[in-house]
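The values are calculated or read from the model by the stated rules, or taken from the named source; none is laboratory data. As the structure is a computational prediction, the values presented were derived from the model and not from experiment. Ideal geometry is used to build each Cβ from the backbone, glycine not excepted, and the neighbour counts take in all protein chains shown.
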Amino acid sequence: MKTVADYNFKDKKALVRVDFNVPLDKGTLAVTDDTRIRAAIPTLQKILNDGGSIILMSHLGRPLKKLNDDGTIAINKHSLKHTVPVIESLLKTTVIFVDDCMGDAAAAAAKKLMPGQVLLLENLRFYKEEEKGDVTFAQKLAAYGDVYVNDAFGTAHRAHASTAVIAQFFPNHKLFGFVMANELASIKKVLENPARPFTAIMGGAKVSDKILIIEQLLQKVDHLIIGGAMAYTFAKAKGGKIGTSLCEEDKLPLALEIIEKAEKAGVKLHLPVDSVNAESFSNDARKVGQSSIMQIPDDLMGLDIGNNSVALFVEVIRQSKTILWNGPMGVFEMSKFENGTKKVAETLAEETRFGAYTLIGGGDSAAAINKFGFADNVSYVSTGGGALLEYIEGKELPGIKMLLD
Ligand code: AMP
């Protein structure tokens, strides 16, 4: 595996695929969370320090799926120009922005780029060719640079033009950025040779989204903790009364199958024993209280794990030496239902201090660990939700494969 550390960028134009798909404020369109931009800085700094120049390529949102009411592309809402001030302040240099990733202006800007300069191209997904993995589109992008760097782990599971297809035009000049390299190292540490006991904590909305990863993890972990909305499907499958809680009725047999498979594999499965319930899916809901997860009143829905479940899960986490966390324990976005997720995050931070290796798997778990202020106190927070899950599921990620071929 060749990374940017193995390459001298002096006088080279580096075409760098980053993941600057950052959240923007709905009104001002300013960047509200710069985590992904900050993550790419070491790679960019290495190129500049060597005496190279940078052409940045990224997507932002899904502009072709979220059109204006009149069917046109919502350009301003999806423009990468909003990231320019953040990149400039983190890199401490000026960024040249071109409002199109194709066409004469982009080609001319790339051509006259000098060592030490940074050029940002407009959102790749303004062109349908990007997500289609169009070879001609990829070839046009490839013509801008001398060397290709992929540092966008968040899109490594997509066979898009800029994330995978383009690599064929740089047979001897394609490299992993530091984000990619660190992501792979952290997943390998967990999956290939974990210090034991190894515990996976799975949460989130649906069993169906997580089934493949749960099946893979059953081959590897000592403990599997399940929380979040999907725990109610398990409770119902076991004969519980779950009121109006979220439930995937058609996944009840699957839940029983997982319980059985865990038993066969010698994995200790920990399900919540109690639940925080409310009348409606709202922070203003009345009648918030706790009950056994098997005895939720008919008119209430479970929105977080209860205190006994927190104590149980904390105890398991405290015994573990390697912990992988994916998915919240409840509706952590609402303060009344954040406790389970917050306590898990807090315990992971504590155990990291005592030497456990803790990997937080992107998406909502990363948002939660950020929200509760523990992101710097765990071993690694993945930048890629979907990509990480697919990797753990055992799928080949095109963005990684194309760099290795
Ligand atoms: P996922 O995208 O599958 O990881 O699901 C994350 C979402 O599940 C978060 O937005 C949580 O608010 C939500 N969630 C977690 N627990 C519950 C629950 N008990 N009922 C409804 N939604 C939940």
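Among the residues of segment 141-182, write down those that are surrounded by fewer than 20 Cβ atoms within 10 Å (Cβ to Cβ) and among the basic types (Lys, Arg).
Result: no residue meets the conditions.
Exactly one condition in (1) crowded, with 23+ Cβ neighbours inside 10 Å; (2) of a type in the set (A, V, I, L, M); (3) not in a helix (DSSP H, G or I) is false for residue 29; which is it?
(1)
Matching residues to (1) part of a helix (DSSP H, G or I); (2) under 17 Å from residue 363 (Cα atoms); (3) within 11 Å of the ligand (Cβ to nearest atom); (4) over 17 Å from the mean Cα position of the chain (by Cα):
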{"site": "179", "(1), (2), (3), (4)": "yes, yes, no, no"}
{"site": "188", "(1), (2), (3), (4)": "yes, no, no, no"}
{"site": "196", "(1), (2), (3), (4)": "no, no, no, yes"}
{"site": "204", "(1), (2), (3), (4)": "no, yes, yes, no"}
{"site": "216", "(1), (2), (3), (4)": "yes, no, no, yes"}
{"site": "221", "(1), (2), (3), (4)": "no, no, no, yes"}
{"site": "236", "(1), (2), (3), (4)": "yes, no, no, yes"}
{"site": "246", "(1), (2), (3), (4)": "no, no, yes, yes"}
{"site": "250", "(1), (2), (3), (4)": "yes, no, no, yes"}
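Criterion first (within 12 Å of the ligand (Cβ to nearest atom) and acidic (Asp, Glu)) does residue 209 satisfy it? Walk me through it before giving the result.
Numbers: within 12 Å of the ligand (Cβ to nearest atom): yes; acidic (Asp, Glu): yes.
Yes, satisfied.
Please go through segment 340-365 and pick out each residue that is of a type outside the set (A, V, I, L, M, F, W, C) and either away from the ligand (no atom under 12 Å from the Cβ) or assigned to a strand (DSSP E or B) (or both).
Correct list: 342, 343, 346, 347, 350, 351, 352, 353, 355, 357, 358.
Does residue 317 fit the bill of being surrounded by 18 or more Cβ atoms within 10 Å (Cβ to Cβ) and more than 12 Å from the ligand (Cβ to nearest atom)?
yes
How about segment 63-96: which of its residues are closer than 24 Å to residue 144 by Cα and either free of Cβ contacts under 8 Å to residues at least 24 places away in the same chain or surrounded by fewer than 14 Cβ atoms within 10 Å (Cβ to Cβ) (or both)?
Once the filter is applied, which keeps residues that are closer than 24 Å to residue 144 by Cα and either free of Cβ contacts under 8 Å to residues at least 24 places away in the same chain or surrounded by fewer than 14 Cβ atoms within 10 Å (Cβ to Cβ) (or both), segment 63-96 yields 85, 88, 92, 94.
Do you know which residues across segment 196-220 are under 18 Å from residue 263 (Cβ atoms) and in contact (Cβ under 8 Å) with a residue 60 or more places away in the chain?
Just the residues of segment 196-220 that are under 18 Å from residue 263 (Cβ atoms), to begin with: 197-200, 202, 207, 211, 214-220.
Listed by number, the residues that qualify are 197, 198, 199, 200, 202, 216, 217.
Being under 21 Å from the mean Cα position of the chain (by Cα) and over 24 Å from residue 127 (Cα atoms): is that true of residue 33 here?
So residue 33 passes the test.
Residue check, residue 104 against (1) crowded, with 17+ Cβ neighbours inside 10 Å; (2) modelled with pLDDT of 95 or more, all met but one. Which one?
(1)
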